[in-house]
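The structure appears below as structure tokens.
The values are calculated or read from the model by the stated rules, or taken from the named source; none is laboratory data. Remember, it's a predicted structure, so these values are computed and weren't measured experimentally. So basically every Cβ, Gly included, is an ideal-geometry build from the backbone, and we count neighbours across all protein chains shown. Just so you know, the surface numbers come from the protein's heavy atoms only, side chains and all, with ligands and any DNA or RNA stripped out. Shrake-Rupley method; radii C 1.70, N 1.55, O 1.52, S 1.80 Å.
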Amino acid sequence: APISTKWVDTDKTHGTGEPMVRSRWVARDFKDPKEKDREDLFSATPPIELMRFVLSRQATRRKDGVERKTLFLDIKKAHLAPLCQSDVYVELPEEAEVEEDECGKLIHWLYGCRPAAQAWEEHYSELLCKNGFSRLKSVPVAFVHKERDMVGVVHGDDFVWEGRDKDLDWVLGVLQNEYELKNRGRLGFGPNDVRKIDMLGRIIELTEEGVSWGGDPRHQKLLEE
């Protein structure tokens, strides 16, 4: 039977004062309780200490006196990138104006499908490995490029890369050629770099003394409300 679907609207304002709503058409492919231990239905999540390690590299390591920076990228429509290799059918929304006995067959995975997260992880991992990265066995969403002396960590659709400017430009190009993305900024002292950025509910700030890491006050305000 086709999987039921619905629209999910999310308020992305986050206390900025500027109204911003993200709407997604998602599948309601709820997992069977018997499948709760199946690892192939989920993508890995890096420990928060690994994010701190990436920032520590920027603050403490230099190669040939060249400044190291951290690049933050947000992939748009990430779970829609991998092709759906199975025969999966979904109910279509009212906007499709189809008959009651008609449904849709997925070409790409849809948010809310059980295999979508794992398919996305394998999709970007294959791309990175083709371009010289090694995937960590202990944390499969962390990547190292020995020749370019750079590391990267992926959390869902958020990518964080540490390295020199030329190497960050290179990996940005690799991902831009494959995905639609938002370049959220490069933490550094250059004229086009940012000094402060938010990531996973944390505020990261670069100063002359190093890199500071603290909670995002917007989340505290949301809890208080």
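Using the Cβ atoms and a cut-off under 12 Å, what net charge is assigned to the surroundings of Leu110, where Lys and Arg are +1 and Asp and Glu are -1?
Residues near Leu110 contribute +4 overall.
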*asked:* If packing is taken as the average count of other Cβ atoms within 10 Å, what order do 108-117, 80-89, 166-175, 207-216 fall into, highest mean first?
replied: 108-117, 166-175, 80-89, 207-216
*asked:* Can you give me the % of accessible surface on the chain that is carbon or sulfur? Probe 1.4 Å, all protein chains present, nothing else counted.
replied: 48
*Looking at the square roots a ≥ b ≥ c of the eigenvalues of the Cα gyration tensor of segment 164-217, which shape do they give, rounded for a/c under 1.5, prolate if a/b is larger than b/c, or oblate?*
oblate
_Filter on Lys146/Lys166; Lys130/Lys182; Lys6/Lys105; Lys12/Lys76 - keep pairs with C-alpha separation over 20 Å_ = Lys130/Lys182
*Roughly how many Å² is the accessible area per residue of the chain, as a whole number, for a 1.4 Å probe?*
61
_Theoretical gain in end-to-end length, Lys166 to Lys6 [0.36 nm per residue, Cα-Cα removed]_ = 53.3 nm
_Read-out Cα extents along the principal axes in Å, derived from the coordinates shown; its label in (i) 66, 39, 34; (ii) 147, 25, 18; (iii) 66, 45, 33_ = (iii)
*Add +1 for every Lys or Arg and -1 for every Asp or Glu among the other residues with Cβ under 13 Å from the Cβ of Leu127, and state the total.*
-2
